[in-house]
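Read through the structure below, which is laid out as structure tokens, and then see the notes.
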Ligand code: NAD
Ligand code: IPM
Ligand code: MN
């Protein structure tokens, strides 16, 4: 019997509505397999937890979850209770950093039964490799006030090590796909980090002669995501560029509620963390209409990560079968609830 121990952190908002649903799906998948069990241990870390305890997780929180096989997270953030920079840096970003989850993999592709807002989309299937540990998300900087001036300085950090490993990860993935890597740059406007990024990209690409490359400025690249997403295979991007691109990736698929993500620890020292691209969706909390597909597709990425790629593929096929039958939440044009969509996916899986 293969037992996968999961630390489950539903977090805030719709995270709490979709994580239990995706857990139901994973339990059903395990049933199908026979020799596989998912053990979930739930942690209540969230903005409400912060109000009660003064921090987003206990002091030994990381210690509590470091030996799990994976972390399954919903969403973090409730600005009515806690400022975002405190809640996110106290939980989500803290785990990404401390557990050296230096790569964030975020696919976007046309899904059967979900209308893309693009009027005539070609069949796109792309993968953004987002540098997940440094770049524009740095805590180096400060705010300065004096009598006649107020100033904020935010530094970005691009290390050779961090940049190279994101790029190598992208090239390795491209070799298993259509063999193309696009680098997201902005070396026309950002004078230190991005020319450095371009230099490293050129250098690393020499080690992968079978992979084709191109480099696009992030502004043009964002536009191409909308006008010609089918031209992309793997895209490697800095932390912030990757963040923005992957919301566009979600949007062209049809909804931010369906996009999955994996924060990968590549040195095997700590667990990886699986969480969808979307946030806590404060505007739809409690309505029972959150799209569970982002969290469920994220569960597929977790299955793949644990070597269960056949089950993962079967799960994505089942999702597409359900959406093709018109069973969809309102964000993708349907009238079904979170629970109805999940239950249909489970029924389809087990059929
Ligand atoms: P958001 O992703 O929460 O919401 C943006 C829009 O997408 C909203 O209209 C929302 O209703 C919709 N949406 C999101 N998930 C959906 C789902 N599953 N089904 C249907 N519709 C869905 O982004 P935001 O409004 O910028 O952020 C809200 C909060 O979430 C903030 O506190 C933010 O910092 C946080 N956030 C957390 C994460 C994370 O934990 N990974 C990611 C993004 C944002
Ligand atoms: C994401 C989110 C986070 C990020 C925020 C909430 C800090 O937008 O995971 O895409 O920017 O990484
Ligand atoms: Mn984001």
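The values are calculated or read from the model by the stated rules, or taken from the named source; none is laboratory data. Computed from a prediction, not measured in an experiment: that's the story for all the values here. Here Cβ is always computed from backbone atoms with ideal geometry, including for glycine, and neighbour counts include all displayed protein chains.
Observations on the model:
- Flag if residue 312 is in the same structural domain as residue 341 (by TED's automatic domain parsing), in a loop (DSSP other than H, G, I, E, B) and either modelled with pLDDT of 95 or more or within 16 Å of ligand 2 (Cβ to nearest atom) (or both): no
- Number of residues in segment 233-249 that are part of a helix (DSSP H, G or I) and either in contact (Cβ under 8 Å) with a residue 40 or more places away in the chain or more than 12 Å from ligand 1 (Cβ to nearest atom) (or both): the value is 9.
- Of all positions in segment 276-288, at least one carries a residue that is assigned to a helix (DSSP H, G or I), more than 13 Å from ligand 3 (Cβ to nearest atom) and without any contact (Cβ under 8 Å) to a residue 12 or more places away in the chain.
- Condition met for residue 235 (within 24 Å of residue 94 (Cβ to Cβ) and either in contact with a helix residue (DSSP H, G or I) (Cβ under 6 Å, 6 or more places away or on another chain) or buried (at least 20 other Cβ atoms within 10 Å of the Cβ) (or both)): no
Conditions (1) free of Cβ contacts under 8 Å to residues at least 40 places away in the same chain; (2) out of contact with any strand residue (DSSP E or B) (no Cβ under 6 Å at 6 or more places or on another chain), marked per residue:
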residue: 24; (1), (2): no, yes
residue: 45; (1), (2): no, no
residue: 55; (1), (2): yes, yes
residue: 59; (1), (2): yes, yes
residue: 76; (1), (2): no, no
residue: 97; (1), (2): yes, yes
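- Residue within segment 281-291 that is within 16 Å of ligand 2 (Cβ to nearest atom) and touching a strand residue (DSSP E or B) at 6+ places or on another chain (Cβ under 9 Å) present: yes
- Where strands (runs of 3 or more DSSP E) fall entirely within segment 1-118, those with at least 3 residues that are outside the structural domain of residue 320 (by TED's automatic domain parsing) are at 103-109.
- Qualifying residue in segment 179-202 (condition: within 19 Å of residue 234 (Cα to Cα), loosely packed, with under 14 Cβ neighbours inside 10 Å, at pLDDT 95 or above and not assigned by TED's automatic domain parsing to the domain that holds residue 93): yes
- From the list 241, 158, 201, the one residue that fits, being under 19 Å from the mean Cα position of the chain (by Cα) and more than 13 Å from residue 126 (Cα to Cα), is 241.
- Any chance residue 252 is part of a helix (DSSP H, G or I) and either modelled with pLDDT of 95 or more or over 27 Å from residue 31 (Cβ atoms) (or both): yes
- Those residues of segment 64-78 which are in contact with a helix residue (DSSP H, G or I) (Cβ under 6 Å, 6 or more places away or on another chain), closer than 14 Å to residue 273 by Cβ and within 10 Å of ligand 2 (Cβ to nearest atom), in sequence order: 75, 76
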